[in-house]
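See below for the structure under consideration.
Read-outs throughout are calculated quantities, based only on the coordinates presented, and are distinct from any laboratory measurement. These numbers were taken from a predicted model, which means no experiment stands behind them. Note that we place each Cβ from the backbone using ideal geometry, even for glycine, and neighbour counts take in every protein chain shown.
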Amino acid sequence: MEKAGSPSLGGSYPQKNAEILSSQYGINLFLAGLLLTFAWAVHAVGISKSHLLSYLITLMLIQLLWMLWYLCRSCTQRRLIRDKDTHAGARWLKCGITLFAVITLILDSFKIGYYIDFSNCLSPTEGIFPVTHAVHTIIQVYFLWCHAKDIIQSFKTLERFGVIHSVFTNLLLWTNGVLTESKHQLNEHKERLITLGFGNITIVLDDHAPQCNCTTTTLCSIFSQGIYYLYPFNIEYHILASTMLYVLWKNIGRKVENHQQHKTPFKFHGITVGMIFGLIVLTSTIAIVVVYLIQIGRSKIKSELALTMFYLHAICVLALMCTAGIVALLIYRLEDRSLDNSKNPARKLDGELLVGTAAGSWLLSWGSILAIICAQAHPKYTWYNLPYSILVIIEKYIQNLFIIESIHREQEKMNDDIKTLRIVTISRGSTLSLSPSYKEIYNGRATHDSGEVPCLFRGSVCGRENDGGGSAKEETSQENSLVTHSASDFSFYSRNSVTSNKRRILKNIAAFLFLCNLSLWIPPAFGCRPEYDNGLEEIVFGFEPWIIVVNLAMPFSIFYRMHSAASLFEVNCKT
């Protein structure tokens, strides 16, 4: 129990110690699992896949017990008013993780079917793991939907350990998925190298296939192939879950500010141009990936054509993204808007993840640039890799600036009265009556038979026909007042028009970049990886060192694209 004391001293030190202790517990938990995963990957003596799965099953069961305890305690205390972090656990983020979770459940069902077909020679843990993982996925998604915004103020020390355990459990499940998928991609790459006749590279397939025959060959083929196409979604599910849980951990014991964030729903209105160009990029990317996967490894000529096609398409897309990002940053420079520097764990984590995960693709890009400079022989397609690598570095640099500044800008409050144009007339300071309908005024079709200027440009106070009871001085003063207001109101209307145009451009840019990032997530996630197939880097750095670099950096590069897409969706809603 935490000691009661002064807010500045008694409460801060125990909580800080609890935060440090829980973080160290989570790191050691992760390192032990990481070492076990590495030992299995390199076929260490005495370490089998069943040992790794047993460790993961144990971690998931502990997390399940904690989540069930938290849910039961929340149900008994549901009448209590709890603090909420309005920035955490956005609805679109919950919908995204639910979609990935559903596909993860399909993956678990494939694994169960695969285990049944090979049950004669597989460890029981390979059947228990997908069942436990499916239950873990269902309860965790429900937990995040209901409690991702919670700011925990009771049992804080215990809850810190429970939440951080959940964070690193998901990170280990993410690591396991990344390693399994990478080993599969590496085996396919080695098979392509054998087909292309690379005799100067020692190629040994890393095969973890079961050493027995399948009971139904067709089903086994469907399950084994389908599993690896579903792994990208499983990987994204676990990394999203770990980030949401990390924000929950950072919010434990936090004092919230009184102001609440305004809800900003996503609207398609006004982003047609960005959506059209983005959909063109998305469609063309899917076509490029399909052709690439069909052509690569067939023959040397077809492989070179596939690589050339990929590089040219990626160069065009990245150049467009750089241009769009620069335009958005220039618009920001022209505006005088303050930044929101209030404490926000979710926003801080978004910025750190953008820069941190971008380092993965930057590492690959600099490796490619160095290989092109140092290589003695340069096939034609490798020269396209140079502008591609440079653009990857520049594009992520510009995009990170745009996203981080966007999520830190204070949200602009729009006046609904401007949109509805509720214009009233005042006569002698007492009687109110409506002027011509706002639709006519908005469209510039106010009554002009009498030669009057529409009220929109004359000001918010419009003259009414004289009923014969007013004096000439009153009429003259009203006309002078209208003329005085007209210039300032027209200037106000012009400024709002310019601001509206800027916002529309920014929303289109955010929508375009959102679809472009989804497009660039697809190729590496589904096996279109020129870093493997180029061959130039492997000659310069060596086959095994470069493959290690790619396998370490590629997961971060893939996550960057999905996280950028999520952040740009938020930017579009906020703009």
Q. Going down the list Lys94/Lys507; Lys190/Lys348; Lys190/Lys380; Lys156/Lys507; Lys94/Lys396; Lys49/Lys302, which pairs span over 29 Å between their C-alpha atoms?
A. Lys190/Lys348; Lys156/Lys507; Lys49/Lys302
Q. What full-extension length gain, to one decimal in nm, is calculated for Ile301 and Leu21 as 0.36 nm per residue of separation minus the Cα-Cα distance?
A. 95.1 nm
Q) Taking amide H positions as placed 1.01 Å from N in the peptide plane, with prolines and chain starts having none, which residues 5 or more places from Arg409, or on another chain, fall under 5 Å of its amide H? A) Asp340
Q) What is the spin-label model distance, in nm, from Leu329 to Leu71 if the labels are put 7 Å beyond Cα along the C-beta direction? A) 4.6
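Of the peptides 63-75, 382-394, 288-300, how do they stack up when ordered by the mean number of other Cβ atoms within 10 Å, highest first? Numbers along the way, then the final one.
Working: 63-75: 15.2, 382-394: 18.8, 288-300: 16.9.
Peptide ranking by packing, descending: 382-394, 288-300, 63-75.
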Q: Starting at the first residue of segment 218-234, write each ³J(HN,Hα) from the Karplus equation 6.51 cos²θ - 1.76 cosθ + 1.60 with θ = phi - 60°, in whole Hz, x for Gly and Pro.
A: 4, 5, 4, 5, 5, 5, 5, 6, x, 4, 6, 7, 8, 4, x, 6, 5
**Q.** Signed unit charges on C-beta, dipole axis of segment 524-571, positive-most listed residue Met554, Tyr532, Ala566
**A.** Ala566
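How do the peptides 302-312, 365-375 rank, highest first, by the average count of neighbouring beta carbon atoms within 10 Å per residue?
Working: 302-312: 19.3, 365-375: 16.9.
Going by the mean number of other Cβ atoms within 10 Å, highest first, we get 302-312, 365-375.
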Q: Run the quick spin-label model on Ile62 and Asn213: label points 7 Å from Cα toward the beta carbon, then report their separation in nm to one decimal.
A: 4.4
**Q.** Rounded to the nearest 20 debye, dipole of segment 286-377 from Cβ charges on Lys, Arg, Asp, Glu
**A.** 260
Q: Please turn the phi angles of segment 238-254 into ³J(HN,Hα) values with the Karplus equation 6.51 cos²θ - 1.76 cosθ + 1.60 (θ = phi - 60°), one per residue in order, whole Hz, x for glycine and proline.
A: 6, 6, 5, 4, 5, 5, 5, 5, 5, 4, 4, 5, 5, 7, 5, x, 6
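Nearest 0.05, what FRET efficiency do Leu31 and Val355 give at R0 = 22 Å with Cβ-Cβ as r?
Details: r = 24 Å, r/R0 = 1.07.
The value I calculate is 0.40.
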Q: Mind jotting down the three principal axis lengths of segment 512-575 based on Cα atoms? Whole angstrom, largest first.
A: 47, 17, 16
